[in-house]
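Below is one structure, written out as structure tokens; comments come after it.
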There are 4 protein chains.
Amino acid sequence: MALSNKTDVPAFDAPELKELKQKVVTACHILDREGITDGYGHVSARVPGTTAFLTIANVSPGCATVERLILMDFNGTYLGGAETPPNEWPIHACVMRVRPDVMSVCHTHSLWSTLFSVLPIKLRPLHHYGKFLSADGPPVYEAAGLVRTVERGDALAAVLGDGPAVLMRAHGDTIVGASIEQAIQRTVRLAKLGEIAHLALLHGEPRYLSAEEIETFSADERFPARGWEYHVSRLGNRRG
Amino acid sequence: MALSNKTDVPAFDAPELKELKQKVVTACHILDREGITDGYGHVSARVPGTTAFLTIANVSPGCATVERLILMDFNGTYLGGAETPPNEWPIHACVMRVRPDVMSVCHTHSLWSTLFSVLPIKLRPLHHYGKFLSADGPPVYEAAGLVRTVERGDALAAVLGDGPAVLMRAHGDTIVGASIEQAIQRTVRLAKLGEIAHLALLHGEPRYLSAEEIETFSADERFPARGWEYHVSRLGNRRG
Amino acid sequence: MALSNKTDVPAFDAPELKELKQKVVTACHILDREGITDGYGHVSARVPGTTAFLTIANVSPGCATVERLILMDFNGTYLGGAETPPNEWPIHACVMRVRPDVMSVCHTHSLWSTLFSVLPIKLRPLHHYGKFLSADGPPVYEAAGLVRTVERGDALAAVLGDGPAVLMRAHGDTIVGASIEQAIQRTVRLAKLGEIAHLALLHGEPRYLSAEEIETFSADERFPARGWEYHVSRLGNRRG
Amino acid sequence: MALSNKTDVPAFDAPELKELKQKVVTACHILDREGITDGYGHVSARVPGTTAFLTIANVSPGCATVERLILMDFNGTYLGGAETPPNEWPIHACVMRVRPDVMSVCHTHSLWSTLFSVLPIKLRPLHHYGKFLSADGPPVYEAAGLVRTVERGDALAAVLGDGPAVLMRAHGDTIVGASIEQAIQRTVRLAKLGEIAHLALLHGEPRYLSAEEIETFSADERFPARGWEYHVSRLGNRRG
């Protein structure tokens, strides 16, 4: 498994990581600015073609800077950058290890994901923002405890399966994407979907989207560059 | 049909469009600032006396600038300005074509319109902000899929009929006005009405306004200059 | 009735009105800043010892400036300042005329007052912020139509009676005080009470305050200088 | 009881109190900025090893400055600083007197604590933010009236017992901590827990955390330095 060879990974300060690092920081700031997460949560990005990833150190997403990023491999080995890994680095490592299609992972304490994680009702798409989900919505990781161990990370990845998102009971959510932009857009939209679904459920059974209707909406999907530009425009001066 | 003659339409850079262009940009910023829509949606304005309209390019309302406007005719022919039309330009073209009274169209992803679009309950006026609606409230366009084709645009316009607004299931809404100011005021008020109606419905059947009471309130209607001034005052420095 | 003699009223530009005018403007800004009202509503202040009052012209509270105030008497006669009275000046004139204890009146489109104005349930005190109300809460003015006539203003004042507040169906509320500071504090607190009462009612019958408990809390009442300082501190640069 | 000797307490202007004073001010600003409390409430800090504490004078938390702090002992004796004690100083004095483990007390008018204080339902942990609570949640102090007397303060302390928090009916809450940082983190998290619990309860019985699950989450607890940094970063220029 040549790709897991540490020597394939650029150094933390290598110029080819510069853009990726800035994008991870921006993604963290977006989740903070949009109120998706609070002082907790993190965004990661796979270093393309390797078994390493960049994420924020043990700091709040809103306080992220390029200097506060850390480079690790999927075993949790420190490869560079800030010296304190986030408590829940196994979320990123364990998911990326079994999902080669995943280039970015977001973990948040989203109010809406947390809400549905403790309800007797599932979160299911009823706005086209949920078109990246299946008609029966995301699964729930049920175990108590922060995901600080590889054992828990593997269990979380198993519940995620090959899907786009997993709710974490009494905790938040984990969302994956084929790019940072996609992971962020999905994370923002999962929160909006949760809010609408919560409101709608108060009035009786809402009219959910069928699998066929989701497919119709998905045919209109594009690369999320426009949403990214929008979110960046709202960051003001708070950039790393 | 002389009015549809392309030669009647001023060039995108013609001085007589300057004020209208600025007003479209301001209207977009208002919907963004007031939280009515998110990174999606658009405002259009008919070029008076023609079959052409101005709207924003494929950008977020909050990122609109005069340079990012596009001039199109009702057939979707590009007439000037930014080169990427919004995905859902047929919303504007198809409505304006059959509604000569309409000078401006707003399309948003309003939380409240989306909510009522998926409920088993109709949105009906119970605040005088809803006095521009009929007592039984706006209809719902039921079809899945973004309105990217003239076929879908025509179907949307048919559901709108000669009314002021239509909800779009799992998507948002479309509102029309005899001026940009009126379209914006109606759009803001439809959202407020949706919020109040949602809250009220949680406590049992609310006391809706009767057709007669709506008429009493409507007798007090004025040109929405005051609301416009208020919304503009809240834009701060974010202007195009 | 010597006090109604127009000659007793200082000129709009008289130095003795300067402080009162600034306070009316600040009060308007507070209601805007705190989100109690939107682009509509107004605050008035009786000119002490006369039958005249100051209020904002036909502008939004958030856009109020000293130059946009108007001086009127209780008959609606223009006495100075901006030339366009607010549409609903009879709210202030008709209430002050029959309530000599009232030095200030606030009219808002508060979400929470509007909500309770259309519910089959009354708004009753369950937080000590509601201690200025009676245990069975404020009455509701039921008639449709803006209060643009003295006839409607008198009807509103009759429903208010000798109480501190009245909800206006499908519209908002009117609150009175022995000072601008008290009227503003009551207005802010009525909105907070409405929010808490709404939330609580979703979970079954809440534990309301009894008349005796309200009395206990009221014994702790003080002049609302501290709340005023707080609200002023939040105004930032938006002052007239 | 040598520790209660007034001579052991540093003077209000003593250099060894400088950092503690700044931290109390910052803590007040955090509760204001995070919207946990409004113009009312206060934070206190025990002067280590003494029977005295620092808190804000009779001002809003958002308006706190170092100059507006007051130093008092547990009997309410004035020891220095601003001359107007907060109306409810007995909250702090009476709790600290019987709880030597408590170094800081927060009193707020939190919307969510107030809500649960009047409901027929208890606030119980269903997010790991509530892991500092027991599985059956905080008790409620039921008496009407502000806590302006030692008698009421003692009654409040008795309901608090050896727990971390107590809700105050129709009023707010009181939360204690082994440090200012911990008291603030608990206060913020109690509010978040209240919001989630409120939302969840609207959909039927939520899946609460068991005592065992709370223990699992608590094993991951750390000193709240990271949350403190986050909240401080959000204060902008409003510091005393």
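The values are calculated or read from the model by the stated rules, or taken from the named source; none is laboratory data. This one's a predicted model, so the numbers in the text were calculated from it and none came from an experiment. Here the Cβ is made from the backbone with ideal geometry for all residues, glycine too, and neighbour counts use every protein chain on show.
Overview of results
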{"item": "Condition check for A:Arg207: within 14 Å of chain B (Cβ to nearest Cβ) and surrounded by fewer than 24 Cβ atoms within 10 Å (Cβ to Cβ)", "result": "yes"}
{"item": "Subset of segment A:123-138 [closer than 20 Å to A:Val188 by Cβ and surrounded by fewer than 16 Cβ atoms within 10 Å (Cβ to Cβ)]", "result": "A:Ser134"}
{"item": "Subset of segment A:118-145 that is modelled with pLDDT of 95 or more and under 19 Å from D:Ser218 (Cα atoms) - its residue that is farthest from the other protein chains (Cβ to nearest Cβ)", "result": "A:Tyr141"}
{"item": "Hey, A:Leu133 touching a Phe, Trp or Tyr at 6+ places or on another chain (Cβ under 6 Å) and in a loop (DSSP other than H, G, I, E, B) or not", "result": "no"}
{"item": "Pick from segment A:62-111, criterion within 14 Å of another protein chain (Cβ to nearest Cβ) and in contact with a His (Cβ under 8 Å, 6 or more places away or on another chain), ranking: nearest to A:Ala170 (Cα to Cα)", "result": "A:His109"}
{"item": "Residue tally, condition surrounded by fewer than 20 Cβ atoms within 10 Å (Cβ to Cβ) and more than 24 Å from D:Glu195 (Cβ to Cβ), over segment A:140-163", "result": "12"}
{"item": "Elements of type helices (runs of 4 or more DSSP H) in segment C:151-240, at least 1 residues being in contact with a Ser or Thr (Cβ under 6 Å, 6 or more places away or on another chain) and touching a residue at least 24 places away in the same chain (Cβ under 8 Å)", "result": "C:180-201"}
{"item": "Tabulated pairs, segment B:114-135, first on the phi < 0 side of the Ramachandran plot and among the acidic types (Asp, Glu), second buried (at least 24 other Cβ atoms within 10 Å of the Cβ) and part of a loop (DSSP other than H, G, I, E, B), C-beta under 8 angstrom, 6+ apart or interchain", "result": "none"}
{"item": "The listed residue being at positive phi and either crowded, with 19+ Cβ neighbours inside 10 Å or out of contact with any Leu (no Cβ under 9 Å at 6 or more places or on another chain) (or both), out of A:Ala170, A:Ala191", "result": "A:Ala170"}
{"item": "Residue match in segment A:169-176 (condition: over 17 Å from A:Thr55 (Cα atoms) and of a type in the set (Lys, Arg))", "result": "yes"}
{"item": "Subset of segment C:13-40 (residues that are basic (Lys, Arg), more than 14 Å from chain B (Cβ to nearest Cβ) and surrounded by fewer than 19 Cβ atoms within 10 Å (Cβ to Cβ))", "result": "C:Lys18"}
{"item": "Those residues of segment B:47-77 which are within 17 Å of the chain's Cα centre (by Cα) and of a type in the set (Val, Ile, Thr), in sequence order", "result": "B:Val47, B:Thr55, B:Ile56, B:Val59, B:Ile70"}
{"item": "Every residue from segment A:1-44 that is modelled with pLDDT of 95 or more and of a type in the set (Ser, Thr, Tyr)", "result": "A:Thr26, A:Ser44"}
{"item": "Candidates A:Glu34, A:Glu19, filtered to the one that is free of Cβ contacts under 8 Å to residues at least 24 places away in the same chain and out of contact with any Pro (no Cβ under 6 Å at 6 or more places or on another chain)", "result": "A:Glu19"}
{"item": "Residue among D:Ala183, D:Ala197, D:Ala219 that is crowded, with 21+ Cβ neighbours inside 10 Å and either touching a Cys at 6+ places or on another chain (Cβ under 8 Å) or modelled with pLDDT under 95 (or both)", "result": "D:Ala183"}
{"item": "Failed item in (1) over 15 Å from the mean Cα position of the chain (by Cα); (2) on the phi < 0 side of the Ramachandran plot, with D:Gly145 passing the rest", "result": "(2)"}
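A quick yes/no check of all residues on (1) touching a His at 6+ places or on another chain (Cβ under 9 Å); (2) within 30 Å of A:Arg207 (Cβ to Cβ):
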position: A:His128; (1), (2): yes, yes
position: A:Asp136; (1), (2): no, yes
position: A:Ala143; (1), (2): no, no
position: A:Asp154; (1), (2): no, no
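So that you can scan it fast, the table gives a plain yes or no per residue for (1) of a type in the set (Lys, Arg); (2) closer than 21 Å to C:Leu202 by Cα:
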{"residue": "D:Arg99", "(1), (2)": "yes, no"}
{"residue": "D:Ser110", "(1), (2)": "no, yes"}
{"residue": "D:Leu146", "(1), (2)": "no, no"}
{"residue": "D:Met168", "(1), (2)": "no, yes"}
{"residue": "D:His171", "(1), (2)": "no, yes"}
